[in-house]
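For reference, the structure is listed below as structure tokens.
The values are calculated or read from the model by the stated rules, or taken from the named source; none is laboratory data. None of these values were measured; they are calculated from a predicted model. All Cβ positions, glycine included, derive from the backbone under ideal geometry; neighbour counts span all protein chains shown.
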Amino acid sequence: MARMAMLIDASRCMACRGCQVACKQWNDLAGWSYSKTTNRGSYENPRRLSPQTWTRIKFIEYEGPERFQWLFLKEGCMHCGQAACVEVCPTGALKYGPLGIVTFQQELCNGCGYCSQFCPFHIPQLDVANKLTGQAKSSKCTFCQDRTTNELTPACVKTCPAAALFWGERHEMIAKGQERVAVLQTKRGFPNANLYGETELGGLGRLYVLTERPAHYGLPEHPASPVLSRLWQDLIQPLAEASFGVGVLVSIAAFFIARRNIRMEQVE
């Protein structure tokens, strides 16, 4: 099955935030108290991702050498080809799905927070249900996996009135993005236009057409999985699983030894 991807043309985004509304409506996500309209010195609302906000539009004021411009960026899970969150998840709640999507089963999440700590983009959000016990669940964009696995587009793509969001086979989205970058560079006066996500971290499932360098949007130029995440996957997690297995075997052996001793006492 072909890997799917979302192409976000930031040059066309008009920051209407229709994608934010569609995401909340389709996924039944509530508003949060901090998101009430308050002047915080920015047009951004909400001001960050949260367990109830899986996507949002960032507003960036950028003054380049030739012009001032607003840069808009739709934030959300990047669905990396080599995802640190999948590597460190101890319960299997995060996995690679058949469409190349990083799927998430919240019922399997134990709230450890490793996905949030190791994500190079700081996307997964922890919802702490009990501050005393630390009980929590993680949340993130799923690319509307209940829609995309049924050959529908994500809700945000369906809603976008500016034709800034596209969904399709990844190789087609890359070609479309490269074509748009060429137009921006040669005909629209954006020599720094680029396609972000083509090769980063095994290829991102969320591709961006940007008019300026990624750093101006708050994106890492060369994102990489932390060394600790690879260490976790290759060494620590297998050792932990082996230790758990040894512990289980010791417990079983102790049970049978104890039962044997009890029976011998009964015989005597």
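Under the condition of being without any contact (Cβ under 8 Å) to a residue 40 or more places away in the chain, part of a loop (DSSP other than H, G, I, E, B) and of a type in the set (D, E, K, R), which residue from the range 131-170 is surrounded by the most Cβ atoms within 10 Å (Cβ to Cβ)?
Filtering the range 131-170 down to residues without any contact (Cβ under 8 Å) to a residue 40 or more places away in the chain leaves 131-136, 146, 150-153.
From what is left, the residues that are part of a loop (DSSP other than H, G, I, E, B) are 131-134, 150-153.
Subsequent filtering for residues that are of a type in the set (D, E, K, R) retains 131, 151.
Working: Lys131: 8, Glu151: 6.
Here the residue is Lys131.
Please state which one of Cys16, Cys85 is hydrophobic (A, V, I, L, M, F, W, C) and crowded, with 23+ Cβ neighbours inside 10 Å. Before the answer, list the steps.
On the way: Cys16 fails: crowded, with 23+ Cβ neighbours inside 10 Å.
Just one listed residue meets the conditions, Cys85.
Quick check on Ala22: is it over 14 Å from the mean Cα position of the chain (by Cα), at positive phi and at pLDDT 95 or above?
It is false that Ala22 is over 14 Å from the mean Cα position of the chain (by Cα), at positive phi and at pLDDT 95 or above.
Given Leu126, Leu29, Leu108, which one is surrounded by fewer than 22 Cβ atoms within 10 Å (Cβ to Cβ), in contact (Cβ under 8 Å) with a residue 40 or more places away in the chain and of a type in the set (A, V, I, L, M)?
Within the list Leu126, Leu29, Leu108, the selection yields Leu126.
Kindly indicate whether any position in the range 121-129 is in a loop (DSSP other than H, G, I, E, B) and among the aromatic types (Phe, Trp, Tyr).
yes
Name, by its number, the condition in (1) modelled with pLDDT of 90 or more; (2) farther than 29 Å from Arg180 by Cα that does not hold for Ser33.
Looking at each condition in turn, Ser33 falls short on (1).
If you check Ala129, Ala164, Ala136, which single one turns out to be at pLDDT 95 or above and of a type in the set (A, V, I, L, M, F, W, C)?
Exactly one of Ala129, Ala164, Ala136 is at pLDDT 95 or above and of a type in the set (A, V, I, L, M, F, W, C), namely Ala164.
Table: residues versus (1) closer than 19 Å to His79 by Cβ; (2) at pLDDT below 95.
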{"residue": "Lys176", "(1), (2)": "yes, no"}
{"residue": "Leu207", "(1), (2)": "yes, no"}
{"residue": "Ser225", "(1), (2)": "yes, yes"}
{"residue": "Gln237", "(1), (2)": "no, yes"}
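Just give me the residues in the range 84-104 being touching a Cys at 6+ places or on another chain (Cβ under 8 Å) and touching a residue at least 60 places away in the same chain (Cβ under 8 Å), in sequence order.
Scanning the range 84-104 gives Ala84, Val88, Pro90, Val102.
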